[in-house]
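The structure's right below; bear with me while I get my questions together.
The values are calculated or read from the model by the stated rules, or taken from the named source; none is laboratory data. Everything numeric here is computed off the predicted structure, so don't read it as measured data. Using ideal geometry, Cβ is built from the backbone for each residue, glycine included, and neighbour counts are taken over all protein chains shown. For the accessible areas, the whole protein counts, side chains as well, though only heavy atoms, and no ligand, DNA or RNA atoms are used. Shrake-Rupley method; radii C 1.70, N 1.55, O 1.52, S 1.80 Å.
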Amino acid sequence: MTAAYIEDFKSLSSNGASLEPKWLRDVRREGIERFAALGFPTPRNEDWHFTSVAPISEAVFNPLRSEAGRIARSTLDPFTFGQSDWPRLVFVNGRYHVGLSTLNMPGAKEGLRVRDLHTVLHEEPALAMNMLGKISPVGDRAFTALNAALMVDGAVVIIPAGFESAVPIHLVFLSDANAAKGVSHLRNLIFAGQHSKATVIESYVSLGDSHYFTNAVTEVSVEAGATLTHYKIQRESQRAFHVHTIDAKQERDSHYVSFSFATGAALSRTNIYTNLAGEGCGATLNGLYMADDEQHVDHQTNIVHAQPNCFSREIYKGILSGSAHGVFNGKVYVHPIAQKTDGKQTNNNLLLSEHARIDTKPQLEIYADDVRCTHGATVGRLDEMALFYMKSRGVSADKATRLLTYAFAADVLETIEVEAVRAELERATLERFTGASTAE
Amino acid sequence: MLEIKDLYAKAGDRDILRGISLSVAAGEVHAIMGPNGSGKSTLVQVLAGNPAYEVTGGSASFNGKDLLSLPPEERAQAGVFLAFQYPVEIPGVSNAYFLRSAFNSIRQARGEDEVDPLDFLDYMEKKLELVDMDIEMLSRSVNMGFSGGEKKRNEILQMAVLEPKLALLDETDSGLDIDALRIVANGVNTLKRPDNATIVVTHYQRLLNYIVPDYVHVLAHGRMVKSGDKSLALELEAKGYDWLVEPQGALA
């Protein structure tokens, strides 16, 4: 319901946002005006052809703006990869939670800053002004417009030039029972300074099975020579809606390494867009999505080769069972001047049931003549001979199915370099369909 | 141990087995020979439960159990093992994990405790020696990047680990050089015991120099056309199959 969000904007403008600096009020105003003009996307919109957001547009969600109360730290245990010493910023139901966050950041002396956007907007508005909306344009994107109008909180991560972070920085967005029928518009800003090297993990997780809506936008600057590894783990409640756009901009000789892991939400859409805006850049976009029952999981990626001598590698895998519907839309765009572009894109899907469905659409648009680009997509089922082979050794049909399913996903999971994350996601993958716990 | 009576089977619309009867007792080695397309591989695939084949008549009982009514995993758990002619590659699953899963599945079915990875590794060391395989092979994905000989040795390794009561070897000798053939045959002979039995399907007499059969059976057009002792294999080597095999038209 578009009108409900416009009402929400009015209420925010007259209350919390009324004291905000003009530039921010302008960002919000532009956001709501664009959203009002665009409305929610329909399947007639090419970017949303296979995903109907009617379940989101027809529901009413109340803004989640109040801070959560006391929550035991152990609540987070299932989501921290067993790494209590990683610096982390925790948001509960859309708002920063001091009690669950780890404030003693190693690297603070060197200038590493990890803060919540709400505080940054109030205490360092100039910093926010320089970053916010600079990489994620509103343009024709309704959800980003809505986010611009209504954002209240999110994470700000600034990795100083030359800094190498020994441990990942973990951003946790947790929803619990109090998120029911609520919406949070999270805005995250990540800046990887020149020649820095760091890993940032965004986890969208849930306690229980609340029905809520997460509308997140993450803007990422990867400065010259920097390497940023950016994992997104989406394990929202099975009844949640989740829309998240990550926009990255890469300066020369930078590397952006992305992994998207999606198993949660009733309806999810993850956009990962990277613009290779300098020469000599590399982008690696990998992902694994798994859905069953009535889940709908959609990924859209866009790799823009705007300069020569860059490479991109992309492998997305999907495992769909029940009546799940997966969508993969991967675009690689090569500008006329982006000679010597080396791009490779693959999307492989495994359908485990008759009613599971995948729409996959890899797209290459190449306007330069001296490039090497390939793409391909496959949709398959479990290999009957491999199943028989395993069963003929006494392995139960159930376990054989599980092992082969896991094996299908194993190579893309192996690309996750942070071992604790890889191990946890391997475990989650193996457990996904049957509830087992170990493999090697 | 194994009692096959008048077994019929087809693949798709094609009849392949047309009334096979065979009786195998514990301690025996039976060789099944025959020209290409005779149904000899199909026979062991059907016994192991390959879903590509449909049994259309007859019976097979294994230690009193109706073998054909069991799913493949329960046949394996009961002690049937098929060494594949073309072992399947399984990327992403390590040989060690696969072997341990199979081993523990069979133990569980017998009401025994599962074996943990370390104890299993100890157990594996002796088995690896038997087929002259390096322990490094355990950490590789099942059959991935294995040479033809390595795949066949891996089959015998699995057999050594699972210790079946009835081993079915489906053209295990095909594609092997003489050294690999000796290793495979030595493995099979070492695993032979008075309480287990082996059915060797082969196109060539060569394998039977190393694995000496008690009985040799010749299949043609899905029927058993002749049975004898090991001398039959030598006769086949000398005379070929033609003298036993009528043209297919004559059978119709």
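Taking the 0 to 90 degree range and rounding to the nearest ten, how far is the long axis of helix B:117-130 tilted relative to the main principal axis of chain B, both from C-alpha atoms?
Helix B:117-130 and the main axis of chain B meet at about 50 degrees.
Additional query: Tell me, what is the FRET efficiency for B:A238 and A:E384 to the nearest 0.05, using R0 = 45 angstrom and their Cβ-Cβ distance as r?
Step by step, r from the Cβ atoms, then E = 0.65.
A further question follows. Measure nothing fancy, just the Cα-based angle from helix B:230-239's long axis to the longest principal axis of chain B, in degrees from 0 to 90, nearest 10.
Long axis of B:230-239 versus the principal axis of chain B: about 60 degrees.
For the range A:249-363, which whole percent of the accessible surface, found with a 1.4 angstrom probe, sits on carbon and sulfur atoms?
49 percent
Per residue, how much accessible surface does the range B:1-83 expose to a 1.4 Å probe? Answer in Å², no decimals.
Here the per-residue accessible area is 37 Å².
Also, I was wondering about something else. DSSP beta bridges in the protein assembly as shown, what fraction antiparallel, as a percent rounded to 5?
In the protein assembly as shown, DSSP labels about 15 percent of beta bridges as antiparallel.
Sum -39500 (n - 2.57) across every DSSP H segment of at least 4 residues in the protein assembly as shown, then divide by the residue count to get the 222 nm mean residue ellipticity, nearest 500.
-8000 deg cm²/dmol
Same structure again: Given a 1.4 angstrom probe, what's the average accessible area per residue across the range A:74-127, in square angstrom?
44 Å²
Under a 10 Å cutoff between Cα atoms, tell me which one of A:T341, A:T284, A:T401 has the largest fluctuation in the Gaussian network model of chain A.
Among A:T341, A:T284, A:T401, the largest GNM mean-square fluctuation belongs to A:T401.
Which of the residues in the range B:99-144 show a loss of at least 10 Å² in accessible area from their chain by itself to the complete set of protein chains, at a probe of 1.4 Å?
At a threshold of 10 Å² (probe 1.4 Å), the residues of the range B:99-144 that become less exposed are B:R100, B:S101, B:A102, B:S105.
Further question: With the alpha-carbon atoms as the only input, what is the per residue convex hull volume for the range B:155-252 in Å³?
For the range B:155-252, the hull spanned by Cα atoms encloses 114 Å³ per residue.
At a temperature of 10 °C and a viscosity of 1.306 mPa s, determine how fast the range A:1-130 diffuses translationally according to Stokes-Einstein, using the Kirkwood radius over alpha-carbon pairs as Rh; express D in µm²/s, rounded to the nearest whole number.
Result for D is 88 µm²/s.
Same structure again: About its Cα centre, how strong a charge dipole does chain A have in debye, to the nearest 20, once Lys and Arg get +1 and Asp and Glu get -1 at the Cβ?
Result for chain A is approximately 360 debye, rounded to the nearest 20.
For the protein assembly as shown, would you read off the P(r) tail past 48 Å as a percentage of all alpha carbon pairs?
Result for the distance tail: 32 percent.
Compactness ratio of the range B:2-251: Cα Rg over 2.2 N^0.38 Å, N = residue count?
For the range B:2-251, the normalised Cα radius of gyration is 1.00.
Next question. Might you tell me the accessible area per residue for the range A:384-440, computed with a 1.4 Å probe and given in Å²?
Heavy-atom SASA per residue in the range A:384-440 reads 38 Å².
Report the Cα centroid-to-centroid distance between the range A:272-324 and the range B:130-195 in angstrom, as an integer.
The distance from the Cα centre of the range A:272-324 to that of the range B:130-195 comes to 42 Å.
Would you mind telling me the share, in percent, of accessible area of the range B:2-251 contributed by carbon and sulfur at probe 1.4 angstrom?
47 percent
May I ask for the net charge around A:H211, where only other residues with Cβ less than 14 Å from the Cβ of A:H211 are counted and Lys, Arg are +1 while Asp, Glu are -1?
It works out to a net charge of -3.
So if the hydrodynamic radius of the range A:384-440 is defined as the Kirkwood radius over C-alpha pairs, what does Stokes-Einstein give as its diffusion coefficient at 10 °C and 1.306 mPa s, in µm² per second?
Calculated translational D: 134 µm²/s.
Which one, A:A397, A:A428, A:F408, is farthest towards the positive end of the dipole of the range A:384-440 when Lys and Arg carry +1 and Asp and Glu -1 on their Cβ?
A:A397
Could I ask something else about it? For the range B:22-169, what is the charge dipole size about the Cα centre, in debye to the nearest 20, if Lys and Arg each add +1 at the Cβ and Asp and Glu each add -1 at the Cβ?
That gives a dipole near 520 debye.
In whole Å, what are the extents of the range A:2-278 along the principal axes defined by its C-alpha atoms, from largest to smallest?
On the principal axes, the range A:2-278 reaches 46, 42, 40 Å in Cα extent.
Also, quick follow-up: Treating the angle as unsigned and between 0 and 90°, give the value, to the nearest 10°, between the Cα long axis of helix B:95-109 and the longest Cα principal axis of chain B.
80 degrees
Determine the share of the range A:37-148's accessible area contributed by carbon and sulfur atoms, expressed in whole percent, with a 1.4 angstrom probe.
51 percent
Only bridges with both residues in the range B:2-251 count here: give the DSSP antiparallel percent, nearest 5.
Taking every DSSP beta bridge with both residues in the range B:2-251, the antiparallel ones total about 60 percent.
Mind checking which of A:A149, A:A72, A:A224 has the largest fluctuation in a GNM of chain A, springs on alpha carbons under 10 Å?
Of A:A149, A:A72, A:A224, the most mobile in the Gaussian network model is A:A72.
Treating the beta-carbon of each Lys and Arg as +1 and of each Asp and Glu as -1, no other charges, what is the dipole magnitude of chain B about its Cα centre, to the nearest 20 debye?
For chain B, the charge dipole is close to 600 debye.
Something else about it: Excluding ligands, DNA and RNA, what is the accessible area buried between chains B and A, summed over both sides, using a 1.4 Å probe, to the nearest 100 Å²?
2200 Å²
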